[in-house]
Amino acid sequence: MIDKDKLRLTVEKAIEGTDIFLVDLKVSPDNNIVVEIDSKNGLDIDTCADLTRKIEAEFDRDAEDYELEVGSAGLTSPFKVKAQYEKNLGNDVEVVSRDGRKFDGKLVNVTDNDFTVEVLKKIKEPGQKRPVMTAVPETLTFDQAKTVKYLIKFK
């Protein structure tokens, strides 16, 4: 079976010094390898192909047969690593919390432990006749979020 730690080191070495970051790495018992990467500036097929060649140079298919898939994190896939949150600062996101709440808002802050989303809510201010839409910050730890993903809006 392919050594997952050696594979991770190979990928990290290959993307070192670039704005590319590792999102996920899976190795199944029958040596199906899936490497998911992302970048602050987006990825193209040539970047994925280059990483594929670098991995294949380190892992001899004659010694151990494997299937390799290198791709970018999907636009609608949930965030898995902090770098994806940082990449999407200022963008609209959809959050589903572990306690069942679902809300949309703008991702405005990311720390080592949590993230903050500004959610528009109707709030009636004292002395006002009608509620007004107000941006209210919602802060969750990464563990409190079941899924967070980029929100695609159609106009």
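The values are calculated or read from the model by the stated rules, or taken from the named source; none is laboratory data. Keep in mind that what you see is a predicted model, and the values were worked out from it rather than measured. Positions of Cβ are backbone-derived with ideal geometry, glycine not excepted, and every protein chain shown enters the neighbour counts. Surface areas here come from the heavy atoms of the whole protein model, side chains and all, with no ligands, DNA or RNA. Shrake-Rupley method; radii C 1.70, N 1.55, O 1.52, S 1.80 Å.
Of note:
- Residues that are buried (at least 16 other Cβ atoms within 10 Å of the Cβ) and of a type in the set (D, E, K, R) within segment 34-53 comprise E36, D38, listed in sequence order.
- Unmet criterion (only one of (1) modelled with pLDDT under 95; (2) closer than 20 Å to L9 by Cα) for R53: (1)
- The condition of being at pLDDT 95 or above, in a helix (DSSP H, G or I) and either open to solvent by less than 40 Å² (accessible area, probe 1.4 Å) or in contact with a His (Cβ under 6 Å, 6 or more places away or on another chain) (or both) holds for only one of L7, L22, that being L7.
- Neighbours by Cβ (under 6 Å, 6+ apart or cross-chain): first from segment 122-134, farther than 21 Å from K106 by Cα; second open to solvent by less than 80 Å² (accessible area, probe 1.4 Å): K124/P131
- Filter pass, S77 being among the polar types (S, T, N, Q) and either at pLDDT 95 or above or touching a Ser or Thr at 6+ places or on another chain (Cβ under 7 Å) (or both): no
- Pairs meeting the criteria (first residue in segment 1-15 and touching a residue at least 40 places away in the same chain (Cβ under 8 Å), second residue among the acidic types (D, E) and open to solvent by 80 Å² or more (accessible area, probe 1.4 Å), beta carbons under 7 Å, at least 6 apart or on different chains) are T10/E58.
- Identity of the residue in segment 129-145, more than 32 Å from the chain's Cα centre (by Cα) and open to solvent by less than 100 Å² (accessible area, probe 1.4 Å), that ends up farthest from L89 (Cα to Cα): P131
- Answer residue from segment 72-103, given it is free of Cβ contacts under 8 Å to residues at least 12 places away in the same chain and among the basic types (K, R) and is most open to solvent (accessible area, probe 1.4 Å) among those: K102
- Residues satisfying the stated conditions in segment 146-155, i.e. within 21 Å of the chain's Cα centre (by Cα) and either open to solvent by 90 Å² or more (accessible area, probe 1.4 Å) or free of Cβ contacts under 8 Å to residues at least 40 places away in the same chain (or both): K146, K153
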